[in-house]
1. Would you confirm whether any residue within the range 64-79 is among the charged types (D, E, K, R), open to solvent by 50 Å² or more (accessible area, probe 1.4 Å), free of Cβ contacts under 8 Å to residues at least 12 places away in the same chain and in a helix (DSSP H, G or I)?
2. Residue pairs, Cβ under 8 Å, 6 or more apart or interchain, first in the range 1-13 and closer than 23 Å to V23 by Cβ and at pLDDT below 80, second outside any helix (DSSP H, G or I) and among the hydrophobic types (A, V, I, L, M, F, W, C). List them.
3. Mind listing whichever residues of the range 19-61 are in a helix (DSSP H, G or I), open to solvent by 100 Å² or more (accessible area, probe 1.4 Å) and within 24 Å of L5 (Cβ to Cβ)?
4. Among the residues of the range 27-58 satisfying the criterion of being small (G, A, S) and within 23 Å of I13 (Cα to Cα), which is modelled with the highest pLDDT?
Amino acid sequence: MDKFLEITFENQILAAKDGDKFVEYFAPFMEKLKGIVSAELYEEFDELLNGCANENNRFYGVQGMKLAMGVLEGTYKLTI
């Protein structure tokens, strides 16, 4: 099921017009970084940050869909 949710989530991100919206959120950090490190190192960090952001989005996207399915199925239990 998780693989199905991952594929669905990734497809939704790719189809979205604002799929790269996270770039906007990290812009202040990246601008500060650009002024501190070399262009080569900046590119390396940019690639690493994009990969980490994508993995983070995938994880929380799938977890959110699983939670939504649990709510709809009546199996969700509040754990606070």
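1. Within the range 64-79, one or more residues are among the charged types (D, E, K, R), open to solvent by 50 Å² or more (accessible area, probe 1.4 Å), free of Cβ contacts under 8 Å to residues at least 12 places away in the same chain and in a helix (DSSP H, G or I).
2. Close Cβ pairs (under 8 Å, with a partner that is outside any helix (DSSP H, G or I) and among the hydrophobic types (A, V, I, L, M, F, W, C)) do not exist here.
3. Y25, E55, F59, Y60
4. Here is the first cut: in the range 27-58, the ones small (G, A, S) are 27, 35, 38-39, 51, 53.
Next cut, within 23 Å of I13 (Cα to Cα) only: 27, 51, 53.
Details: A27: 93, G51: 90, A53: 86.
Among those residues, the one meeting the criterion is A27.
The values are calculated or read from the model by the stated rules, or taken from the named source; none is laboratory data. None of these values were measured; they are calculated from a predicted model. With ideal geometry, Cβ positions are generated from the backbone for all residues, glycine too; neighbour counts draw on all protein chains shown. Quick note on the areas: whole protein, heavy atoms, side chains included, nothing else; ligands and nucleic acids left out. Shrake-Rupley method; radii C 1.70, N 1.55, O 1.52, S 1.80 Å.
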